[in-house]
Structure formats: C-alpha cells, structure tokens
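Structure record follows, encoded as structure tokens.
The values are calculated or read from the model by the stated rules, or taken from the named source; none is laboratory data. Since the model is a prediction, treat every value here as computed from it, not as a measurement. In this analysis, Cβ positions are derived from the backbone assuming ideal geometry, glycine residues included, and neighbour counts consider all displayed protein chains. When the accessible area is computed, the model is the full protein with side chains, heavy atoms only, and any ligands, DNA or RNA have been set aside. Shrake-Rupley method; radii C 1.70, N 1.55, O 1.52, S 1.80 Å.
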Amino acid sequence: MDIKLLTDYEKQSIGERQPLPERYLRLSDDELDARIAGAKATLGKRCVILGHHIQRDEVIKFADFIGDSLKLSRAAASRTEADYIVFCGVHFMAESADILRAPHQKVVLPDLAAGCSMADMAAEDQLEICWRELEQMGVRTDAVENGKAGLIPVTYINSSAAIKAFVGVHGGIVCTSTNARAIMTWAWERGDKILMLPDQHLGRNTAFKMGVPLDEMVVWDPNEMYGGLDAAQLKAARLLLWKGHCSVHTRFTVPQIEAFRKKYPEGRVVAHPECTLDVVRASDESGSTEYIINTVKSSPPGTIWAVATEIHLVNRLMNEVAPDKTVVTLDPFGCLCSTMFRVSPNHLLWVLEGLLDGTLHNQIVVPDETKRWAKLALDRMLDIQ
Ligand code: 13P
Ligand code: SF4
C-alpha cells in the first residue's frame, strides 16, 4: 500500500514539496554564484528576492532586500512591481508574503521544508480546543462587556497562516519581535486578557518590560487538559502564554553571560527576545534581529559584544557589518537555525532557473478563506506601525 503523509507545509502549499533535482547537486561554489547571478539578471525586475537576517551567506548575498520579519512583511506588501517573490527565509515568512502580496504576484520558498520549529508548536486544532476550554473555564472569549473583550489573541508572526486566520476571526492581531510592545498595548486596550502564542518567551519578556508582574502571567500547555490551569489561575491572569519556544534562542544561558562578563568585564550583551527571561534580564540590550544589527553597528568602535541570536547573523556582524567591534556568539558552539539553513544556493538556483523556463517550483499558496482572515490580523499589525 502506498501511503503518503503530507506535512502541514505541503497541505498549505500547492502540490508537494519538490525535492532538488540531482543535476543541481554537486555544483561548485563558483558555478552556483555565476548561474544564480545570470538567472537573476535575466529575470530582472520580474523577480524580487527577499532574505531574512539569519539566512546563510551564500544565499543572502543575492537578496534584493534583507530584513527582520516586520521589514520583510512590509517589503512583501510593497514590492508589487515583481511577478515573483522568492522568499529566502522560512515557511511562515513566505506564507505572510503570500497573504500580503499583490494579486498578480506568486511566492516561492526555495525549499518547502524550511519551516520553523516554534511555529509548529501551535496547531490550529490545539488552538480551537484551547479556545473552547477557556470558555468552559469562564473566560469571555468573544463577548464584549463595557467596551472590552474578555480575551484578545495575539500571535507572533512565527505561526502558520491557519493560526493567524483564527486570530483574525477572533478580533486579534499579529506581532513581530520589533513591535510586540505596541501590539500588546493595542490588545490590552481592547481586552482584559491576552492569549499570546506561540512564543512564551517573547510574550513574557515584552510584558515584563511593560511592568506586568510575573504572577499575572500563566503558561497554557496545549498538551494538558485545560492547559494545565484552573479557573482561579485564569481569573487572576492578564497574560496567557502559549507553551512554545524557539529551540535556537532558548539555548542561550545566564552562565554563558557570566562567563563572557568574566572574560570581558567591559563587554556588552545583546539578546533576541526569543531568549528566556533570565537571559534577557542578564543582558544589556534586547530586540529583534534588526535591532541587534543596529545596536552593534552604532556602538563606538572597539566595543565588545556577545550576541545571543542565530550564528549566521553573529558571523555577519563580526565579519562585515561591524568589523571595528569585537563580536562573539554568546554560545561558544554557535546556535544554528537548521531549518532556515535548508534554503541552499542550490535551491535558489533551481527555483530561479525554473522561473526562467516558466516552471514554478515550491510555490506557497495560502487557501483563500485562510488568507482573508490572516490578512485581517496582519493588516491590523501593519496599521499600527
Ligand atoms: P526577527 O523578526 O527578529 O527577525 O525574528 C524572526 C526570527 O524567527 C528569529 O528567530
Ligand atoms: Fe524559528 Fe527559531 Fe529558526 Fe527563528 S531561529 S526561524 S524562531 S526556529
């Protein structure tokens, strides 16, 4: 019997993930560079390549536009001159581009297996169960009283289109690591409580900086009945944090910061808000990948930085962006986002040459109904800043 299980990515995309043809393997770096540059030049303005800050060097050097998740969402919504958006990032980013693109555009993710383990930690059925159980435990999920909802869902952009659509339907909004504070402020103006998913750490770090005490935050575990909480805990909470995390950023630890400070007492530490609260509190600065780049870049020459984010970005800071500073990774072994890494120059070449001969490989197509509601949640975010 021939059983084919589709991954969530495949279900939400056109067709199946197409593996890289053998003829695109074992090409030399020089040949890859020359052919990618050639295909890009021939495609010209018909194709725009977007690249996330933590994408590998061999790929990012071909990006027309580089940014963090917020900047790339805006780029996807505004680069309407191109017919094709080739997204060198991970699946949720390409989905967001497909939701925000102009009608004539098509979005390609060079390898559909380039996912995000954090986004995978919140499935649509888990969120539906959560919503139902919250209602059963007395949380007002849709009703508005005295002009305020009981609960506003906020999803980090690192989530599937289906999660964004659920959030859009229920009056909620998307956030990124750049605008999380403004978005949570927006949500608390409209509701008594926030359900923040899928990253508990971004939610906790942001709310803590906003002055919300830790005892007003609870963690909703989707693998437990009723999230592992009781009605009294829910009643007292202002922030419900989905039990999800980034497997890359949670590898950074306070002992690593202590070791760095011992070696470099004058050194500074900058961490991404997907790191744990203790790491963010022990750091000097915290912010999105874009914030990290700007902070290190604008510091005085000679400043010594330990950076708690993905290794490709740290290496680029060290070698290209801020060569007049000393930049080290906080984790001596370096933290790699192995899914982002799946977008190789070979994949990029294959999809670009495919576009040249009229074949779309690994197109991302979010179903229309999902797109409609997910766009509402994304547009609410883009309207804020
Ligand atoms: P930024 O929006 O800060 O780029 O973060 C996205 C991400 O997935 C980093 O892990
Ligand atoms: Fe997802 Fe973490 Fe990779 Fe960012 S670094 S794409 S949150 S797994």
Within the set 38, 267, 147, GNM on the chain using Cα springs under 10 Å gives the largest fluctuation to 147
Over all directions, the chain yields a Cα convex hull whose mean projected area in nm² is 21.1
A 1.4 Å probe over the protein heavy atoms gives the chain a carbon and sulfur accessible-area percentage of 52
Everything considered on the Cα gyration tensor (a ≥ b ≥ c; rounded for a/c under 1.5, else prolate if a/b is larger than b/c, else oblate), the stretch 231-385 must be described as oblate
Taking the dipole of the stretch 236-385 about the Cα centre (Lys, Arg +1; Asp, Glu -1; charges at Cβ), the one of 359, 275, 322 that reaches farthest to the positive side is 275
Note to self, the chain gives a 222 nm [θ] from helices alone (DSSP H runs n ≥ 4, -39500 (n - 2.57) apiece, / all residues, nearest 500) of -11500 deg cm²/dmol
The chain: longest segment with zero exposed GluC sites (Glu not before Pro), where exposed means DSSP loop plus at most 16 other C-beta atoms within 10 Å, is residues 82-223
Everything considered on the Cα gyration tensor (a ≥ b ≥ c; rounded for a/c under 1.5, else prolate if a/b is larger than b/c, else oblate), the stretch 260-303 must be described as oblate
For the chain, percent of DSSP beta bridges that are antiparallel (nearest 5) comes out at 10
With all protein chains in place and a 1.4 Å probe, residue 209 shows an accessible area in Å² (nearest 10) of 120
Length-normalised contact order of the stretch 129-185, Cα under 8 Å, at least 6 apart, in percent, tallies to 24
With +1 at each Lys and Arg Cβ and -1 at each Asp and Glu Cβ, the charge dipole magnitude of the chain around its Cα centre, to the nearest 20 debye, comes out at 760
The simple spin-label model distance between residue 23 and residue 365, using points 7 Å out along Cα→Cβ, in nm, is 2.5
Once Lys and Arg are counted +1 and Asp and Glu -1 for all other residues with Cβ under 13 Å from that of residue 152, the total becomes +3
Note on the stretch 302-385: contact order normalised by length, alpha-carbon pairs under 8 Å, 6 or more apart, percent, works out to 22
The relative contact order of the chain, taking Cα pairs under 8 Å that sit 6 or more residues apart, comes to a percentage of 23
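Past 31 Å, Cα to Cα: identify those pairs from 61/243; 106/243; 148/375; 40/243, in the order given.
In this structure, 61/243; 106/243; 40/243 lie more than 31 Å apart at Cα.
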For residue 104 the rounded accessible area (nearest 10 Å², probe 1.4 Å, non-protein molecules ignored) is 90
Under a 1.4 Å probe, counting only protein heavy atoms, residue 291 has an accessible area in Å², nearest 10, of 90
To the nearest Å², the heavy-atom accessible area per residue of the chain with 1.4 Å probe amounts to 42
